[in-house]
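A short worksheet on the structure shown next.
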Amino acid sequence: MGQAIRDLVDAMANPVIYFLGSTVAIIVFILFRRLLTKPIVLIGFTIFSVAFLVFAWSDPNFNKIITKGDNIPILILLSSVVGFTWLGMRRAVINDDRIARGEPTLEGEVSKQKVFTWPDLVYPELICLVLFTALLVTWSIVVEAPLEEPAASARTPNPSKAPWYFLGLQELLVYFDPWLAGVLLPSFIVIGLMAIPYCDTNPKGNGYYTFNDRPFAISFFYAGFVLFWVSFVILGTFLRGPNWSFFGPFEYWDLHKLEPMVNIDLSTFFWVKALGVPRPDNPLIREAPGLIFLGGFFVIGPLILAKTVCKKIFEQMGMVRYQVMMHMLLWFALIPLKMFGRWLFDLKYLVGMPEYFFNI
Amino acid sequence: MNKLWKLIAEGQLWRSLFRHGYPDTPRNRTLAVLSNFFLHLHPVKVRRSGIRLSYTWCMGGLTFFLFLIETLTGLLLMFYYRPTAELAYQDIFALREHVPIGIMRELHRWSAHMMVITVWLHMYRVFLTGSYKPPREFNWNIGVILLVLTLLLSFTGYLLPWDQLAVWAITVGTNMARATPILGHEGPGAALLSIGGLDFIHAGDDVRFGLLAGRFVGEGALLRFYVLHCVGIPLAAAVLMAVHFWRVRKDGGISGPL
Ligand code: HEM
């Protein structure tokens, strides 16, 4: 029985199911938020997760990954992101109901009341601080900080992983070259985050939890933060093993597990498969299909959208805001686009010019 | 008991320290905040909605608290740690083997991990409550820089134990810099910067080289990361945190519906 569950979980575990499963989970959470934010659901979910952890604990492979000192924070990350997403949504649902009935929100109800900092703020701060210190000290006594063998530049460990908070970016290396996954996309994350307050022109939803007042913004952040950042960190920590191959949670990290990689470029699809001719020598002509596609994606795309679906948004935001937002969103959209290209068509690069290290 | 309290609270020592009586009257509660250097970070009165744990999750405060723990434990660790390729690993090893009930390294490491988590959650909360909207746009931006600094603090610290885990994690991380457009020797556009077959950008002078003070993670990188980790980034973060807190107040306190 136990073995059957383990085999089933391992068999189901691969990057495609992991990603699609997380996406579906978030969509379901948004659609059925009224039902799913009932306390009984969180309690049930917690019991289920703990039961799973207890069940999985005895498995040597699972145990080895979970109990690594540096991986304990990832469990904390996972549970706190789930918990706080739930809490935020719960308050949003309550607030949305109240707004619909014309009542003040949970925050609005008490925002006119002022209380003294001493003791109403200082005491909770002190209590928080003491509890947190106690937690950290206990943790530090129980779990020793890891120290491996001294550095040896000749022996590369397998897998070689970046620190855990960058594993989302390392995961992107599966689909993108380092100049995108390691340099451009992270810069765009920072720039994009900074642009958020200037691009979000919706005046509603300031200072209280809500979903209905800003459905796009909230869904966008679930996608960006929960799905593409946190869930990729978890994937990279627990499910990526030697050679960055994917391993189920109960699978032995076999050094020789190699996933076959026969990925082909868009140019090969176009010239060789569709037209039946060899690829031209001139890289610009060779990569024309991909270049034209990307040109359309980044330049024409926003313009067409501005005239059609996003007309109202465009008029509200003005040219500069709109272009900045669109470009950030399009770069973001390029990630799932390439992921699906890889899974469905074994697509390697949209534009592949290794001559100039220019591969997208 | 009450008498004793009264005696203490009215004695010269207490008065010289706090300049007001025990904070149980409105006047003294106001003074408690106003006349205390550390507490005057706070306003005298706050909106009830803003101090609810279910609203802020206390994540900004915890991030700051963790930063303070890191400063304290980091200082203690610096007494024992010498940032050279021969000594770094030995010193960390000695810390584990020779110091009875030594938990400073553990405290420092686990708190660092927690700080990354709390800063993410803080950003998440600020987004979900729409607290970046006017007039708080700029404070959100300071926050984004603080987020980057927090990650860089953690990243530079990761190298210092100088074990296999450290060196290779940093190698993987900094390998990306090789591919920086134009400025990295394996980045797109770098090949354009060459005259007559002579490359301006190569492994010996690109951004990665500047970051690591060498072609690979070696002694130079260790010193650079050490200085950044212990002095450069904490200073920048401390200044920005001061601005961040100041702006929270200037922007009208913790956000709430008006
Ligand atoms: C080292 C990192 C940081 C520290 C120590 C810090 C600390 C704080 C504290 C103590 C508050 C008061 C309210 C609360 O606790 O929630 C606050 C508010 C705020 N923080 Fe941060 N923060 C940090 C990073 C960030 C980041 C990464 C962002 C966003 C990207 C951010 C944006 C804001 C904004 C907009 C407010 C005002 C929120 C409101 O009025 O509701 N901060 N911060």
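The values are calculated or read from the model by the stated rules, or taken from the named source; none is laboratory data. Here the structure is a predicted model, which means the values were calculated and not measured. Every residue, glycine among them, receives a Cβ derived from its backbone with ideal geometry; neighbour counts consider all protein chains shown.
Can you confirm whether B:Ser16 is at pLDDT 85 or above, over 12 Å from A:Pro119 (Cα atoms), part of a helix (DSSP H, G or I) and of a type in the set (S, T, N, Q)? Here the answer is yes, as B:Ser16 does meet what is asked. Residue under question is B:Gly252, and the condition is that it be over 21 Å from the mean Cα position of the chain (by Cα) and either within 12 Å of the ligand (Cβ to nearest atom) or of a type in the set (Phe, Trp, Tyr) (or both); does it hold? Yes. Highlighted here are the helices (runs of 4 or more DSSP H) found entirely within the range B:118-227 that include at least 2 residues which are within 16 Å of the ligand (Cβ to nearest atom) and either in contact (Cβ under 8 Å) with a residue 24 or more places away in the chain or closer than 27 Å to A:Gly224 by Cβ (or both): B:137-159. Could you name every one of the helices (runs of 4 or more DSSP H) located completely within the range A:1-70 that has at least 3 residues being surrounded by 15 or more Cβ atoms within 10 Å (Cβ to Cβ) and not small (Gly, Ala, Ser)? By residue number, A:2-12, A:15-31, A:60-66. Among the numbered conditions (1) free of Cβ contacts under 8 Å to residues at least 12 places away in the same chain; (2) in contact with a helix residue (DSSP H, G or I) (Cβ under 9 Å, 6 or more places away or on another chain), the only one that A:Phe48 does not meet is (2). Whether any residue in the range B:88-111 is in a helix (DSSP H, G or I), within 10 Å of another protein chain (Cβ to nearest Cβ), under 28 Å from B:Cys230 (Cα atoms) and within 16 Å of the ligand (Cβ to nearest atom) is what I want to check. Yes, the range B:88-111 has at least one match. Within the range B:37-53, is even one residue of a type in the set (Ser, Thr, Tyr) and away from the ligand (no atom under 11 Å from the Cβ)? No, the range B:37-53 contains no residue that is of a type in the set (Ser, Thr, Tyr) and away from the ligand (no atom under 11 Å from the Cβ).
All conditions but one from (1) in a helix (DSSP H, G or I); (2) away from the ligand (no atom under 16 Å from the Cβ); (3) without any contact (Cβ under 8 Å) to a residue 40 or more places away in the chain apply to B:Leu235; the one that does not is (2).
From A:Ile76, A:Ile72, grab the single residue that is within 29 Å of B:Pro100 (Cα to Cα), under 29 Å from the mean Cα position of the chain (by Cα) and in contact (Cβ under 8 Å) with a residue 12 or more places away in the chain.
Values: A:Ile76 fails: in contact (Cβ under 8 Å) with a residue 12 or more places away in the chain.
The unique qualifying residue is A:Ile72.
For the range A:240-282, a residue qualifies if it is within 18 Å of A:Pro157 (Cβ to Cβ), out of contact with any Gly (no Cβ under 7 Å at 6 or more places or on another chain) and either among the aromatic types (Phe, Trp, Tyr) or part of a helix (DSSP H, G or I) (or both), and the qualifying residues are A:Pro242, A:Asn243, A:Trp244, A:Tyr252. Got at least one residue in the range A:137-160 being in contact with a strand residue (DSSP E or B) (Cβ under 8 Å, 6 or more places away or on another chain) and more than 7 Å from every other protein chain (Cβ to nearest Cβ)? Yes, the range A:137-160 contains at least one residue that is in contact with a strand residue (DSSP E or B) (Cβ under 8 Å, 6 or more places away or on another chain) and more than 7 Å from every other protein chain (Cβ to nearest Cβ).
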